[in-house]
Amino acid sequence: MLSIEQIRRDPESVRQALASRGEDDPLEELLELDARRRQAISQGDELRARRNQASREIGRLRSQGNEAPEDVVQEMRQVGQEIEILEQESRELDDRIHSILLELPNLPRPDVPRGLSEEENVVVRHWGEPKTLEFPGKPHWDLAEDLGIIDFQRGVKLSGSRFYTMSGYGAKLERATIAWMLDLHSREHGYTELMLPILVRREVMEGSGNLPKFAENLYWDEEDDLWLIPTAEVPITNLYRDEILPPESLPRYYVAQTPCFRREKAAAGRDTRGIKRVHQFNKVEMYKFVAPESSDEELDRLVADAEDVCQRLGLAYRVLQLCTGDISFPSAKTFDIEIWSAGCEEWLEASSCSNCTDFQARRANIRYRSAAGARPEFVHTLNGSGLALPRVIIAILENNQQPDGSVVIPEALRPYTGFDVIPAPGS
RNA sequence: GGAGAGGUGGCCGAGUGGUUGAAGGCGCCGGUCUCGAAAACCGGUAUAUCCGCAAGGGUAUCGCGGGUUCGAAUCCCGCUCUCUCCGCCA
């Protein structure tokens with residue numbers, strides 16, 4: 001959520017920042033509502049001050065055994081009604097302001113490349129040589145099906161399109177990759193591992209920015225009003241909701257593996273083959289709560305931690321800085337990591353690392369004190385995949401496939417898989 | 001799912017209609033004392049919002065929402081969460 005104070009103080013730069021994202025701004029309406037709201041509050045406060053004073057006087061008289069003067073009581077009864085009207089007015093204005101603010105995205109950092117579509121994203125670096133196969137390689141949907149490790153038909157039988165099942169070597173490869181990534185981040189990069197609920201309350205979805213605007217991409221249980229998370233970012237963001245963290249408690253780094261659920265309504269018809277875009281997938285998510293002044297630097301280190309995963313798996317990748325029009329709703333600055341996959345011959349987005357500045361912290365009311373006695377400030381939050389499983393599995397399978405259809409397991413994963421190779425079909 | 005108990009400030013805990021934003025204690029911060037520390041003593045210690053350059057002042061907040069009243073932490077109604085016991089259950 002954007003700060004109404006900032007909008008009041010400097011509407012022009014907020015307007016420009018929103019325009020750089022391709023967003024129409026409602027600032028004029030917002031400012032007018034805000035002015036009216038503040039006026040209603042002032043008037044109400046003034047009346048309440050009068051009433052409090054009179055009530056105190058009545059109390060004093062009563063304690064001395066005297067009756068309250070009837071004209072004062074009458075007048076205060078009148079004042080009470082006026083207060084009620086003003087209260088209702090300011091509550092309504094507040095609701096309207098709040099609901100407008102909930103729909104506005106974060107403001108891009110000044111150093112984010114300007115542009116309205118993904119065409120304007122900037123490749124900031126490459127690592128590794130994109131793999132080319134010496135033989136006709138298969139895309140993973142053929143490869144995995146031939147190996148008998150992914151069953152698309154039976155996934156559809158259970159749950160419909162964009163669902164799949166994994167078995168045998170495939171299931172073990174996924175589990176091993178998750179365990180290895182969690183160990184890497186927790187043992188070597190300083191993250192604390194978490195196990196989290198994947199069903200969350202409505203307000204938790206609001207805190208992370210997924211509601212109210214993106215409801216159609218979420219699965220929802222109506223009876224209990226619980227929502228299936230599209231990423232671990234959602235529960236982690238809300239861990240410290242409505243808390244004031246003491247000094248010295250930042251930064252905090254967390255890592256968690258959860259299933260992620262996405263309806264993919266907006267992408268209907270896209271990427272329908274294979275496991276690149278599915279309704280349920282596993283993801284290892286990194287997350288940071290940091291002091292505002294350090295968030296840009298922390299983002300760079302977050303990206304580096306995600307890159308480390310790719311490097312250790314020997315996956316060639318490129319890092320993109322997303323332009324103003326392509327960063328996600330809560331983000332002020334985002335880097336994507338795309339890994340090369342030799343079968344379908346494309347760059348696959350395996351990680352998206354964002355600095356959400358105080359946007360989620362304001363929504364979820366997460367604050368901290370920089371020093372004992374200091375005024376509470378909103379923290380900055382960052383999130384990044386480290387990494388998203390299906391796409392890592394795609395790249396591992398496609399890049400490491402052999403002419404006979406077998407797949408060699410990356411060295412780093414072998415202690416976790418317990419096998420070095422997924423044997424060729426029929427062997 | 002059934003029955004009961006309960007949600008007060010960073011924590012514990014008092015408080016059943018009137019100068020109570022809230023006693024007392026703990027914790028924390030500052031000071032006195034000390035070579036230094038401990039102890040003791042003194043003082044300070046919530047958040048949000050509005051007005052104000054500031055100093056300062058007003059208002060709101062005792063789980064949440066509503067009601068009664070000149071006035072609600074205190075009374076009434078609804079909701080919610082926690083705990084205990086029973087039932088069910090991986």
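The values are calculated or read from the model by the stated rules, or taken from the named source; none is laboratory data. Please read all numbers here as calculations on a predicted model, not as lab measurements. Here the Cβ is made from the backbone with ideal geometry for all residues, glycine too, and neighbour counts use every protein chain on show.
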Of all residues in region A:168-205 being touching a Lys or Arg at 6+ places or on another chain (Cβ under 8 Å) and buried (at least 18 other Cβ atoms within 10 Å of the Cβ), the one that is farthest from residue A:289 (Cα to Cα): A:184
For residue A:124: the one exception among (1) in contact with a Phe, Trp or Tyr (Cβ under 9 Å, 6 or more places away or on another chain); (2) surrounded by 14 or more Cβ atoms within 10 Å (Cβ to Cβ); (3) over 30 Å from residue A:407 (Cα atoms): (2)
Close pairs (8 angstrom Cβ cut-off, 6 or more residues apart or separate chains): among the β-branched types (Val, Ile, Thr) in region A:210-238, in a loop (DSSP other than H, G, I, E, B) and buried (at least 22 other Cβ atoms within 10 Å of the Cβ) anywhere: A:234/A:210
Complete set of residues in region A:38-65 that are farther than 21 Å from residue A:91 by Cα and among the β-branched types (Val, Ile, Thr): A:58
Residue that is of a type outside the set (Ser, Thr, Tyr), touching a helix residue (DSSP H, G or I) at 6+ places or on another chain (Cβ under 8 Å) and either under 30 Å from residue A:24 (Cα atoms) or surrounded by 13 or more Cβ atoms within 10 Å (Cβ to Cβ) (or both), where the choices are A:91, A:96: A:96
Residue count, region A:314-325 (criterion: over 16 Å from residue A:349 (Cβ atoms) and over 19 Å from the mean Cα position of the chain (by Cα)): 1
Residue tally, condition of a type in the set (Val, Ile, Thr) and touching a Phe, Trp or Tyr at 6+ places or on another chain (Cβ under 7 Å), over region A:296-350: 4
Evaluation of residue A:158 against (1) crowded, with 18+ Cβ neighbours inside 10 Å; (2) closer than 30 Å to residue A:419 by Cβ (one fails), failing number: (1)
Test: residue in region A:95-107 that is within 11 Å of RNA strand B (Cβ to nearest atom), more than 30 Å from residue A:320 (Cα to Cα) and touching a residue at least 60 places away in the same chain (Cβ under 8 Å): yes
Odd one out for residue A:63 among (1) surrounded by fewer than 14 Cβ atoms within 10 Å (Cβ to Cβ); (2) more than 6 Å from RNA strand B (Cβ to nearest atom); (3) within 21 Å of residue A:87 (Cβ to Cβ); (4) not β-branched (Val, Ile, Thr): (3)
Which listed residue, of A:144, A:54, is near RNA strand B (Cβ under 10 Å from one of its atoms), among the small types (Gly, Ala, Ser) and either in a helix (DSSP H, G or I) or at pLDDT 90 or above (or both): A:54
Residues within region A:33-52 that are without any contact (Cβ under 8 Å) to a residue 40 or more places away in the chain, closer than 20 Å to residue A:4 by Cα and surrounded by 13 or more Cβ atoms within 10 Å (Cβ to Cβ), tallied: 2
Of all residues making up region A:302-359, the number that are under 30 Å from residue A:136 (Cα atoms) and out of contact with any Pro (no Cβ under 7 Å at 6 or more places or on another chain): 24
